[in-house]
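Novice: Have a look at this one before I ask anything.
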Amino acid sequence: MRKDGVNTMFTGITERVEELIEKDKMHRKDTERESLFFLIAGNDELWKLQDRIYDFEDHSIKPEVLESGICTSSKTLIRVGFNLYNSYPTESILDCFYALDDDNFELVIQAIRIRLNKVKE
């Protein structure tokens with residue numbers, strides 16, 4: 001993850017994101033994947049499900065994870081991550097944010113900043 005301007009609130013997530021980047025052999029300027037990886041790294045349930053969410057060999061998302069028995073908030077984070085990655089269809093932005101607690105709300109805001117290359121210092 002870029003070291004420039006990473007919000008201190010998310011500093012603990014950086015190591016996990018780096019682990020995912022290395023596992024995927026991702027290009028360092030791939031903000032699409034980095035935003036998805038940030039969401040996976042920032043949520044403990046998604047972290048445990050990372051191999052069900054993303055195929056690190058094919059470098060692709062696994063939409064079938066959305067059909068499994070994970071909680072609504074985690075599904076919302078996955079949908080948002082998929083949308084940031086490749087415009088995967090999701091609910092309206094209002095519906096997405098409405099389903100999130102404060103921590104996951106901030107996680108999504110930061111993932112959007114990463115995707116748009118607008119990380120604040």
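The values are calculated or read from the model by the stated rules, or taken from the named source; none is laboratory data. Since the model is a prediction, treat every value here as computed from it, not as a measurement. Using ideal geometry, Cβ is built from the backbone for each residue, glycine included, and neighbour counts are taken over all protein chains shown.
Novice: Kindly list the number of the only condition in (1) free of Cβ contacts under 8 Å to residues at least 24 places away in the same chain; (2) in contact with a strand residue (DSSP E or B) (Cβ under 9 Å, 6 or more places away or on another chain) that fails for residue 81.
Specialist: The single condition residue 81 does not satisfy is (1).
Novice: Here's something else I'd like to know. Run residue 59 past the list (1) at pLDDT 95 or above; (2) surrounded by 20 or more Cβ atoms within 10 Å (Cβ to Cβ) and report the number of the one that doesn't hold.
Specialist: All conditions pass for residue 59, except number (2).
Novice: Filtering segment 1-16 down to residues that are surrounded by 15 or more Cβ atoms within 10 Å (Cβ to Cβ) and farther than 16 Å from residue 104 by Cβ, which residue is modelled with the lowest pLDDT?
Specialist: The selected residue is 1.
Novice: All but one of (1) more than 17 Å from residue 110 (Cβ to Cβ); (2) small (Gly, Ala, Ser); (3) at pLDDT 95 or above hold for residue 69, so report the exception by its number.
Specialist: (3)
Novice: Something else now. Report the residue count in segment 48-63 for those that are of a type outside the set (Val, Ile, Thr) and either in contact (Cβ under 8 Å) with a residue 24 or more places away in the chain or within 18 Å of residue 91 (Cβ to Cβ) (or both).
Specialist: 6
Novice: Let me ask something else. Between 20, 36, which is out of contact with any Asp or Glu (no Cβ under 6 Å at 6 or more places or on another chain), in contact (Cβ under 8 Å) with a residue 60 or more places away in the chain and not β-branched (Val, Ile, Thr)?
Specialist: Just a single option satisfies the conditions, and that option is 36.
Novice: Sticking with this structure for a sec: Can you say whether residue 66 is assigned to a helix (DSSP H, G or I), farther than 20 Å from residue 117 by Cα and either among the β-branched types (Val, Ile, Thr) or over 13 Å from the mean Cα position of the chain (by Cα) (or both), as far as the supplied structure shows?
Specialist: In short, yes.
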